[in-house]
Amino acid sequence: MDTVKIGKFIAEKRKEKKLTQESLAEKLGVTSKTISRWENGNYMPDISLLKPLSEELGVTLNDLISGEKVDQEHYQEKLEENIISTIDYTNKKVYEKNKIIAEILMLFGLGLIFTAFTIFPSESSWGAIYSIFGLIVSLIGFSKLNKKKSYIKRLFLNLVYFILGLVLLVGMDYANVRINNVAPRFSYLIETNENMIIYESPLCNVYRINRNTKNEYYIVDTKKSYTEETVPVSPFDRDEAGIDNIIKFKNQYIGNNSNDSHLIDSLPLSEYGYVFEIDSENLGLTIDYHITDWYINENQYLEKCLLYNSVAIFSLIDNVQEITFNFSSNSYTVNRNQIETLYPNYSDIVNDEINKDNFNRYLENKMNDNEFITSIFNKIFVN
């Protein structure tokens, strides 16, 4: 079907009928711009307009589709040719419309997935629901693109597309969990306990410890080796205060203000604000916290913090000899000798280097034992 030839024919017959583009457009219920596009050969008239258009121009449908007056001798031959070309053209237009719809559906589905990953928090089930819905919408679009293929082939391609889409979603979710330490969106089991939530997902288990508190942290267990009983549980923010983070502040000498400040800032109690000063002559460290001690001592939180901070500082700053923790109502002082002789297994934590496993075993894990805390705190600290 030669659209340029047909366009010239429409323009020629319109002028013969002394019709302007505006007047012809009015008769057909379209715009003059549409008529102009037909005559320029950019578009073909809609199938529903071919008969009204031919009548307005005083030609047959066969003439209009041929783009010229057809003589009687070749009329039947041209008619058959035009029927076939019209069917082909119609099928092509339908395919193009379906392709546009399919592409819109696929983009819309991908947009839903992107929205689900950016707007909804990872622990919200709506993120997973919208992601799956977006994948299904995208799959409908993909299916429309493959409509010309056989049923079996189309079914196979759709199945592969959906499975790959699910794998991609789970992979994106896993990457988000590893990079940002958050709950997985695609969890097949969620257990909520007193102080933690356990998310079981296809590629990892995630433990949300101290949930909904200022010291909340996540442990991503890619090997699925932990259980509720064995997962490291600390009353503090383990991402900040854990040995994996604070070991980078290990120093031989007290007095490096930047290093000392970063260490104290990572340890518990820093969230209440503080100032510190160093006694270079006696190798002492004084930390003044902007809080009253009894105000924060629910579930022995103060005692746990003071023990943890003391062992951590003496372990990481080799020459510090004494630490004083000041609050608005009380002060607590501890020296290196008290920690080295009275804190159980201190020598296992600090030998020539910090032993991370022993740090977690003999310090971090002990912070969950209230009887241990009471016993050791009373031995070590002088109020």
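The values are calculated or read from the model by the stated rules, or taken from the named source; none is laboratory data. The structure presented is a predicted model; accordingly, all values stated were derived computationally and were not measured. Here the Cβ is made from the backbone with ideal geometry for all residues, glycine too, and neighbour counts use every protein chain on show.
Which one of these does Asn245 not meet: (1) modelled with pLDDT of 90 or more; (2) outside the structural domain of Ala312 (by TED's automatic domain parsing)?
With (1) modelled with pLDDT of 90 or more; (2) outside the structural domain of Ala312 (by TED's automatic domain parsing) applied to Asn245, the lone miss is (2).
Within the stretch 138-158, does at least one residue satisfy the condition of being within 23 Å of the chain's Cα centre (by Cα) and either part of a helix (DSSP H, G or I) or in the same structural domain as Tyr174 (by TED's automatic domain parsing) (or both)?
Within the stretch 138-158, one or more residues are within 23 Å of the chain's Cα centre (by Cα) and either part of a helix (DSSP H, G or I) or in the same structural domain as Tyr174 (by TED's automatic domain parsing) (or both).
Quick one: count up the residues across the stretch 41-51 that are assigned to a loop (DSSP other than H, G, I, E, B) and either surrounded by 15 or more Cβ atoms within 10 Å (Cβ to Cβ) or in contact with a Ser or Thr (Cβ under 9 Å, 6 or more places away or on another chain) (or both).
Number satisfying all stated conditions: 5.
Residues are listed down the side, and each one gets a yes or a no for (1) buried (at least 19 other Cβ atoms within 10 Å of the Cβ); (2) modelled with pLDDT under 95:
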position	(1), (2)
Lys99	no, yes
Leu110	no, yes
Thr115	no, yes
Ser122	yes, yes
Arg154	no, yes
Leu164	no, no
Asn195	no, yes
Pro202	no, yes
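Give just the number: which of (1) within 15 Å of Thr3 (Cα to Cα); (2) at pLDDT 80 or above does Ile65 not satisfy?
It is condition (2) that Ile65 fails.
Out of all the residues in the stretch 271-291, is one or more surrounded by 17 or more Cβ atoms within 10 Å (Cβ to Cβ), in contact with a Leu (Cβ under 6 Å, 6 or more places away or on another chain) and assigned to a helix (DSSP H, G or I)?
Looking for residues that are surrounded by 17 or more Cβ atoms within 10 Å (Cβ to Cβ), in contact with a Leu (Cβ under 6 Å, 6 or more places away or on another chain) and assigned to a helix (DSSP H, G or I), one finds none in the stretch 271-291, hence no.
Looking at Asp265, Asp260, can you tell me which residue is buried (at least 21 other Cβ atoms within 10 Å of the Cβ), charged (D, E, K, R) and farther than 24 Å from Asp369 by Cα?
Of Asp265, Asp260, the one residue that is buried (at least 21 other Cβ atoms within 10 Å of the Cβ), charged (D, E, K, R) and farther than 24 Å from Asp369 by Cα is Asp260.
Considering only the stretch 139-152, I want to know if a residue exists there that is β-branched (Val, Ile, Thr), within 20 Å of Leu105 (Cα to Cα) and touching a helix residue (DSSP H, G or I) at 6+ places or on another chain (Cβ under 8 Å).
Yes, because at least one residue in the stretch 139-152 is β-branched (Val, Ile, Thr), within 20 Å of Leu105 (Cα to Cα) and touching a helix residue (DSSP H, G or I) at 6+ places or on another chain (Cβ under 8 Å).
Anything in the stretch 219-262 that is touching a residue at least 40 places away in the same chain (Cβ under 8 Å) and outside any loop (DSSP other than H, G, I, E, B)? List them, or say none.
Residues satisfying the conditions are Val220, Arg238, Asp239, Ala241, Ile243, Asp244, Ile246, Ile247, Phe249, Asn251, Asp260.
For the stretch 22-39, give me the residue count where each residue is surrounded by 14 or more Cβ atoms within 10 Å (Cβ to Cβ) and within 22 Å of Lys69 (Cβ to Cβ).
5
Does Ser54 count as hydroxyl-bearing (Ser, Thr, Tyr), modelled with pLDDT of 85 or more and under 12 Å from Phe9 (Cβ atoms)?
When the stated conditions are applied, Ser54 passes them.
Of everything in the stretch 1-40, what is closer than 28 Å to Asn91 by Cβ and assigned to a loop (DSSP other than H, G, I, E, B)? Give them in sequence order.
Residues satisfying the conditions are Met1, Asp2, Gly29, Val30, Thr31, Asn40.
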